[in-house]
Amino acid sequence: MALRSERLAPGAELIAQRGHTAGGQDGHGHAGRRAGHPGHAAGAPDDDPPGRGPLQEGPARYDVASEEDLLTARHAVRAATVAAGFGLVDQTRIVTAASELARNAYVHGGGGTLELELVARAGRRGLRLTVEDDGPGIPDVEKALADGFTTGTGLGHGLGGARRLMHEFQVRSAPGKGTTVVATRWNDR
């Protein structure tokens, strides 16, 4: 699928998306930004009672404000991919994309949240990642999605690489207003 970008209004947020999403929403019906979500949400793997898998009772939310949080989020994403029945290759794709997006929120956004949600459509199961931060935003989303773009010492495969690993990918960002990325991968098994 091709990347589609549009400018909503002068000075408004820039949206870049891949796939089909609901206009004006974050791809799963939410129109607003995040409120403070301290700690791990109920349903996080380390809060699960024995025998209960992750995400069986709705989305799980994880803070990404430290290196330890990044590791916790990575493990939660891996567990969610298993719960959704993804094969090893797709598990690796999703964990890699989630790791990149969460690290971006931590490093460039000053911290944020990662939300994991099992989704279903037309008999298919998938996993949706929503990563939000209240950082400085991305001045030029299209440029940031291009291969080779980096704001630091990285290789410049981050945001664009994460987009290629997922089936649906949407970025909403505006200078001074933070960044939200919603990415979904569908299980074809």
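Across the range 80-90, the number of residues qualifying as without any contact (Cβ under 8 Å) to a residue 60 or more places away in the chain and surrounded by fewer than 19 Cβ atoms within 10 Å (Cβ to Cβ) comes to 4. Regarding Ala105, is this residue farther than 12 Å from Ala183 by Cα, open to solvent by 10 Å² or more (accessible area, probe 1.4 Å) and hydrophobic (A, V, I, L, M, F, W, C)? Here the answer is no, as Ala105 does not meet what is asked. Do we have His20 as modelled with pLDDT under 95 and closer than 16 Å to Arg163 by Cα here? Against the criterion (modelled with pLDDT under 95 and closer than 16 Å to Arg163 by Cα), His20 qualifies. Out of the residues in the range 91-101 that are within 24 Å of Arg172 (Cα to Cα) and of a type in the set (S, T, N, Q), which is surrounded by the fewest Cβ atoms within 10 Å (Cβ to Cβ)? Within the range 91-101, the match that is surrounded by the fewest Cβ atoms within 10 Å (Cβ to Cβ) is Thr96. Scanning the range 53-66 for residues that are of a type in the set (D, E, K, R) and either without any contact (Cβ under 8 Å) to a residue 24 or more places away in the chain or open to solvent by less than 10 Å² (accessible area, probe 1.4 Å) (or both) gives a single hit, Glu57.
Yes/no per residue for (1) aliphatic (A, V, I, L, M); (2) at pLDDT below 60; (3) more than 15 Å from Gly137 (Cβ to Cβ); (4) touching a Ser or Thr at 6+ places or on another chain (Cβ under 8 Å):
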residue	(1), (2), (3), (4)
Leu159	yes, no, no, no
His167	no, no, yes, yes
Gly178	no, no, no, no
Val181	yes, no, no, yes
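Can you list the helices (runs of 4 or more DSSP H) lying wholly within the range 61-156 that have 3 or more residues being modelled with pLDDT of 95 or more and of a type in the set (A, V, I, L, M)? Fully inside the range 61-156 and qualifying: 67-83, 88-107.
The values are calculated or read from the model by the stated rules, or taken from the named source; none is laboratory data. Keep in mind the model is a prediction, meaning the values are calculated, not measured. Because the Cβ atoms are built from the backbone with ideal geometry, glycine has one as well, and the counts that use them run over all protein chains shown. These area figures cover heavy atoms from the full protein model, side chains too; ligands, DNA and RNA do not enter into them. Shrake-Rupley method; radii C 1.70, N 1.55, O 1.52, S 1.80 Å.
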